[in-house]
């Protein structure tokens, strides 16, 4: 062990033979003096040598100086510079200094593809399941769901019904065709051609964000609703931003 009877301690012996000190006794030097060892004895060995060729402290596989758990190398201060994983840096060739992974992973980005329903075009997750909503005449729609979570869904509807969004004065009013009776935070956009709104979560599902846009040439209207957890609000905003209506 370091601090043995002959004073052959690692970087702290009575003879002053510290690794890299002024007397020239460097670890593994030509005279065979061990790090911090004036007589050539291996550190932690008072009278007998463990190594046959100069009693070097660092062996060929671990470069440890009488300490298998720390991998110290007799650096100029005698201190082990270890990272959080217990690895030492500044050691002799052969020891690997590695930085442990934090364990955090970055979720894969959702791939979007273009979808057209009637006069509506938008970007939707490419691996979601699309189901027709039925309808007849001037109405067509689809519901898309995430195969991994059915509560994550998108509703897309296109309609050619002009009278549905025309008020008593003959003006286009997208508020008249908001499909949800309990819609909140209704906001008029695009000079009165669109409205955005939110839908409270029901039955354990996710809250929704919706947008209705009416045409400016009396060709119809369309709407999109996106139901996603709050952690995916950026994706919801991206989908809604991609929503366009031909003739708008």
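Please treat every number below as a calculation from the coordinates, not as lab data. None of these values were measured; they are calculated from a predicted model. Positions of Cβ are generated from backbone atoms using ideal geometry, with glycine treated the same way; all protein chains shown enter the neighbour counts.
Of note:
- Taking region 112-245 and dividing mean pair separation by its residue count, relative contact order in percent (alpha carbons under 8 Å, at least six apart): 23 percent
- Look at where the Cα atoms of region 210-232 and of region 171-202 average out, and the two centres are 9 Å apart.
- Over region 169-211: Kirkwood hydrodynamic radius from C-alpha pairwise inverse distances, Å: 11.2 Å
- Each of 152, 225, 234 was scored by other Cβ atoms within 10 Å of its Cβ. Listed from fewest to most, they are 234, 152, 225.
- Packing-based ranking, highest mean first, of 197-206, 139-148 given that Cβ atoms within 10 Å are counted: 139-148, 197-206
- Relative contact order (percent, whole number), region 122-185, Cα cutoff 8 Å, 6+ residue spacing: 20 percent
- Over all Cα atoms in region 112-245, the spread is summed up by Rg and Dmax: 14.3, 47 Å.
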